[in-house]
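For reference, the structure is listed below as structure tokens.
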Amino acid sequence: MITALLIDDDANLRKGMKGLLEMYAPDIKILGEADSVKGGITAIEIYKPDVVFLDIQLGDGTGFDILEQLAQKHGKLTCHVVFITAHEEYALKAFRFSALDYLLKPVDPEELRKVIEKIKKVLTNNDSYAHIDLLLENIRKKVDTFKRIALSTSDGIHLFDVSDIIRLESQDNYTKFYIKNNKPVLIAKTLKEYEDLLSSQGFERIHQSHLINLAYLKSYIKKDGGYAVMADNSNLPISQRKKERLQELLKSL
């Protein structure tokens, strides 16, 4: 049995979330509820749940304030956090860079089911919560570009500098990261998700299977149909419609 807390300042939303969990996740036991930052901190300290379903906007602050204050008091968080949020673009980007789970309001039952399955794996693996520290770091800075990214793999969550990512390669519904001074890392997400996340930070999709960090592009070879030579000595094909775009980018580098 997985134990949980609901923290949301809207009683109707808490009631709705309880109903969804009872219907789609009967192995999750709700230990309690809270509707504020202060009440949320107290509830987490008393109940010590496995997972907290946490709204961002609370009457006396934010869900981030709860995490900040708990980190200051106890050094680290020892429960899994699932944020429940309206479509707040900046927060969603921070969640994705931090490999944190979130649910959009109104909560979709299928998305809830996926998050529950992930929670079960995370709790089984005893993953660390360094990615929560990364989230708080990103939220505090309030910048559009993030220096580090958390990648969730089958053996845990790992943090990497975005500037160390050389390239990404699509492998069906997985993405393989090639990172400087590290072995390749395979992630159970599509290349399109990371293209959306990294395109504003110097990454370019040059092929349906390849997303590259332009900082590691060594040369563009026009023969043999055209290909890119990367700093890791890989030769990557370039799709026909991307060749002109890549040549324009090279002029500006």
Of all the residues that make up region 86-102, how many are closer than 20 Å to I44 by Cα and either among the aliphatic types (A, V, I, L, M) or touching a Lys or Arg at 6+ places or on another chain (Cβ under 7 Å) (or both)?
2
Consider T153 carefully, then state whether it is touching a Ser or Thr at 6+ places or on another chain (Cβ under 7 Å) and touching a residue at least 12 places away in the same chain (Cβ under 8 Å).
no
What are the residues in region 178-190 that are open to solvent by less than 40 Å² (accessible area, probe 1.4 Å) and either farther than 15 Å from N233 by Cα or not hydrophobic (A, V, I, L, M, F, W, C) (or both), if any?
V185, I187
Conditions: (1) within 25 Å of the chain's Cα centre (by Cα); (2) over 19 Å from Q69 (Cβ atoms); (3) among the small types (G, A, S). G40 meets all but one. Number of the miss?
(2)
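Select, from L6, L21, the only residue that is in a helix (DSSP H, G or I) and under 23 Å from the mean Cα position of the chain (by Cα).
After applying the criteria, what remains is L21.
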Within region 49-78, track down each residue that is at pLDDT 90 or above and within 22 Å of D27 (Cβ to Cβ).
P49, D50, V51, V52, F53, L54
Does region 210-253 hold any residues that are touching a strand residue (DSSP E or B) at 6+ places or on another chain (Cβ under 6 Å), touching a residue at least 40 places away in the same chain (Cβ under 8 Å) and exposed (fewer than 15 other Cβ atoms within 10 Å of the Cβ), and which are they?
D232
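Does I41 satisfy the condition of being closer than 27 Å to E117 by Cβ and either open to solvent by less than 20 Å² (accessible area, probe 1.4 Å) or of a type in the set (S, T, N, Q) (or both)?
no
The values are calculated or read from the model by the stated rules, or taken from the named source; none is laboratory data. Quantities reported herein were computed from a predicted structural model and do not represent experimental measurements. We place every Cβ from the backbone using ideal geometry, glycine too, and count neighbours over all the protein chains shown. Ligands, DNA and RNA are excluded from the accessible area calculation, which covers all protein heavy atoms including side chains. Shrake-Rupley method; radii C 1.70, N 1.55, O 1.52, S 1.80 Å.
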